[in-house]
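Trainee: Here it is, the structure in full.
The values are calculated or read from the model by the stated rules, or taken from the named source; none is laboratory data. The shown structure was predicted, so the numbers you read here are calculated from the model rather than taken from an experiment. Note that we place each Cβ from the backbone using ideal geometry, even for glycine, and neighbour counts take in every protein chain shown. Remember, those area values only see protein heavy atoms, side chains included, never the ligands or the DNA or RNA. Shrake-Rupley method; radii C 1.70, N 1.55, O 1.52, S 1.80 Å.
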Amino acid sequence: MRRPIIAGNWKMNKTVPEALELVEALKPLVANAKAEVVVCPPFTALWSVGQALQGTDIAMGAQNLFWEAKGAYTSQIAPGMLLDVNCKYVIIGHSETRGRFGTADANLPADEICVFGDTDATVNRKAKVAINSGLIPIICCGEMLAERQAGKTDEVIASQIRKALDGIPTEAVRSIVIAYEPVWAIGTGEVCDSDEANRVCGVVRSTVAEVCGQAVAQAVRIQYGGSMKPDNAVELLSKPEIDGGLIGGAALKAADFQAIIAAAE
């Protein structure tokens, strides 16, 4: 059985005091959780949150990393820096770092669309360095609204997964977490129908099987992300191909996040 994993992506939210207030509120609520619980604060709060989580069952992740150990890479974060503050996970290839935006940002000028710069190639490089460094990557994939409307969802998802896993040893893939996040549902309030979300997560798993074999594919945990909330979490998380959630806005309130964790159980 795959253990459910619920990860909170705080994005660009929470100062250090606010982050500590949230984790202190969260700790007693999830002390006996059967699902694996992960919080992913902004970089500025990682040290403080990491210290506050010591001795708990809550794991910590970062929201990105660079693929070199050190060097003249202004603004970037190295894998060793994340390990130094007790990170276990790292989110890689989120649509907002790829520069792929949902309907809420459809009015962005064309020259701003790729402002964050991640591509399938950089996602692959980051995944490799994360694994080699001892971090567990949460690799994101997802289609834009225009791609869904054109009937290209499966093609886009399969391509992203194949390129993300290229060159990664088969056995290493077992520990990877993959998050399916339809871009048009991230932060928009729109939610992919649970049956369709389950189907696409099945596409993810079948693509992993194609690359790494069926046994590895059955071991990989696949999350759904994209406006998952307490009121829709039970329906989504009851689906057989969905092993957890990568939670955005609902992770910023302890009670809401705990309700989703409970739904996973």
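Trainee: May I ask you to list pairs of residues, at least six apart or on different chains, whose Cβ atoms are under 8 Å apart, with the first in the stretch 177-202 being under 14 Å from Ser238 (Cα atoms) and the second being open to solvent by 10 Å² or more (accessible area, probe 1.4 Å) and in a helix (DSSP H, G or I)?
Mentor: What qualifies is Ser194/Asn232; Ser194/Glu235.
Trainee: Those residues that are among the small types (Gly, Ala, Ser), within 15 Å of Asn13 (Cα to Cα) and assigned to a helix (DSSP H, G or I), I need them from the stretch 240-262; list them, please.
Mentor: Correct list: Gly249, Ala250, Ala251, Ala254.
Trainee: Please give the helices (runs of 4 or more DSSP H) falling wholly within the stretch 22-104 in which 2 or more residues are modelled with pLDDT of 95 or more.
Mentor: Helices (runs of 4 or more DSSP H) meeting the threshold: 46-52, 79-84.
Trainee: Let me ask something additional. Among the residues of the stretch 148-187, which ones are open to solvent by 40 Å² or more (accessible area, probe 1.4 Å) and either within 19 Å of Gly99 (Cβ to Cβ) or of a type in the set (S, T, N, Q) (or both)?
Mentor: Those that are open to solvent by 40 Å² or more (accessible area, probe 1.4 Å) and either within 19 Å of Gly99 (Cβ to Cβ) or of a type in the set (S, T, N, Q) (or both): Arg148, Gln149, Lys152, Lys163, Thr170, Ser175, Gly187.
Trainee: Still on this structure, I have one more. Return the pair list, or none, for Cβ contacts closer than 9 Å from residues in the stretch 120-139 that are closer than 13 Å to Ile161 by Cβ to residues that are of a type in the set (A, V, I, L, M) and open to solvent by 30 Å² or more (accessible area, probe 1.4 Å), at least 6 apart or on different chains.
Mentor: Matching pairs, first to second residue: Pro137/Ile131.
Trainee: Go through the stretch 30-51 residue by residue and tally those that are under 13 Å from Ala251 (Cβ atoms) and open to solvent by 60 Å² or more (accessible area, probe 1.4 Å).
Mentor: Here the count works out to 0.
Trainee: Going by the conditions given, is Leu237 open to solvent by 20 Å² or more (accessible area, probe 1.4 Å), closer than 16 Å to Gly8 by Cβ and touching a helix residue (DSSP H, G or I) at 6+ places or on another chain (Cβ under 6 Å)?
Mentor: Yes.
Trainee: Scan the stretch 242-255 for residues that are open to solvent by less than 50 Å² (accessible area, probe 1.4 Å) and either in contact with a Cys (Cβ under 9 Å, 6 or more places away or on another chain) or farther than 11 Å from Pro4 by Cα (or both) and jot them down.
Mentor: Ile242, Asp243, Leu246, Ile247, Gly248, Ala250, Ala251, Leu252, Ala254 - these are the residues of the stretch 242-255 that are open to solvent by less than 50 Å² (accessible area, probe 1.4 Å) and either in contact with a Cys (Cβ under 9 Å, 6 or more places away or on another chain) or farther than 11 Å from Pro4 by Cα (or both).
Trainee: Condition first: touching a helix residue (DSSP H, G or I) at 6+ places or on another chain (Cβ under 7 Å), farther than 17 Å from Cys140 by Cβ, small (Gly, Ala, Ser) and surrounded by 17 or more Cβ atoms within 10 Å (Cβ to Cβ). Now tell me which residues in the stretch 52-93 satisfy that.
Mentor: Within the stretch 52-93, Ala52 is the sole residue that qualifies.
Trainee: Let me ask something else about it. Scanning the stretch 15-29 for residues that are in contact (Cβ under 8 Å) with a residue 60 or more places away in the chain and surrounded by 20 or more Cβ atoms within 10 Å (Cβ to Cβ), which turns out farthest from Val216 (Cα to Cα)?
Mentor: By that ranking, first place goes to Leu22.
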